[in-house]
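Below is one structure; the comments refer to it alone.
What follows is calculated from the coordinates using simple rules that are stated; it is not laboratory data. Not measured: the values here are computed from a predicted model. With ideal geometry, Cβ positions are generated from the backbone for all residues, glycine too; neighbour counts draw on all protein chains shown.
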């Protein structure tokens, strides 16, 4: 149903993105321009065309990385994936495509953003975007259990950059990364799985507002690292 609505009314995705807090206001313009160029077979050398969609976060944007981790947080079984074309679960925590899949499709890159941990990924798949997200993760280092915390996902992103550099060179990789759209969706598990369930953080942070401040410091660290890595187009989905 969602696939049908997006295909018939692509502007719905723009509305969805506009409802999200965007770290850089120019990102909305960038996405709309990338969609227009890619859909109209714009020149690949055009500086506004999106090069990739790169994703970080939790189950809301995990396309199956947890399939490759020793964790109970998995969704590689039915009814997950029942609305996909092949009716098979992929590790996505939904019945069809994720929001990030729709985003990649909207800007004309591909219909599905694959998990980075999939060992079968081709260089073409890597170039057009991957997800480092891991279901059950969060900004708080003690939130995840046998999954990839957000800062660990950053380490995989650095590895990803090195893989691109070995294929297309450092300068071209920097240019490619500068034109990518980055999505971060995390924070819910820090409260549901951690703060409200385990007593450790509640003993240290006796109020929700104090824990909010603690988490925002981790968000700040994450974004500062992104800026150091020369990432400019960031969609930050805030669950705090």
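Sort segment 150-200 into rounded, prolate or oblate with this rule: let a ≥ b ≥ c be the square roots of the eigenvalues of the Cα gyration tensor; rounded if a/c is under 1.5, and if a/c is not under 1.5, prolate when a/b is larger than b/c, oblate otherwise.
prolate
Applying 1/(1 + (r/R0)^6) with R0 = 45 Å to the Cβ-Cβ distance of residue 95 and residue 204 gives a FRET efficiency near 0.75. Semi-axis lengths, largest first, of the ellipsoid equivalent to segment 39-162 are 25, 19, 12 Å, with √(5λ) applied to each eigenvalue of the Cα gyration tensor. Between residue 146 and residue 124, the distance separating the two model label sites (each 7 Å from Cα on the Cα→Cβ line) works out to 3.6 nm. Applying 0.36 nm per residue to the separation of residue 216 and residue 174 and subtracting their alpha-carbon distance, the gain on full extension is 12.3 nm.
Need one word for segment 100-192: rounded, prolate or oblate. Basis is the Cα gyration tensor (sqrt eigenvalues a ≥ b ≥ c); a/c below 1.5 gives rounded, then a/b vs b/c decides.
Prolate, since a/c reaches 1.5 and a/b exceeds b/c.
Taking 0.36 nm per residue of sequence separation and removing the Cα-Cα distance, the residue 88/residue 111 pair yields an extension gain of 6.7 nm.
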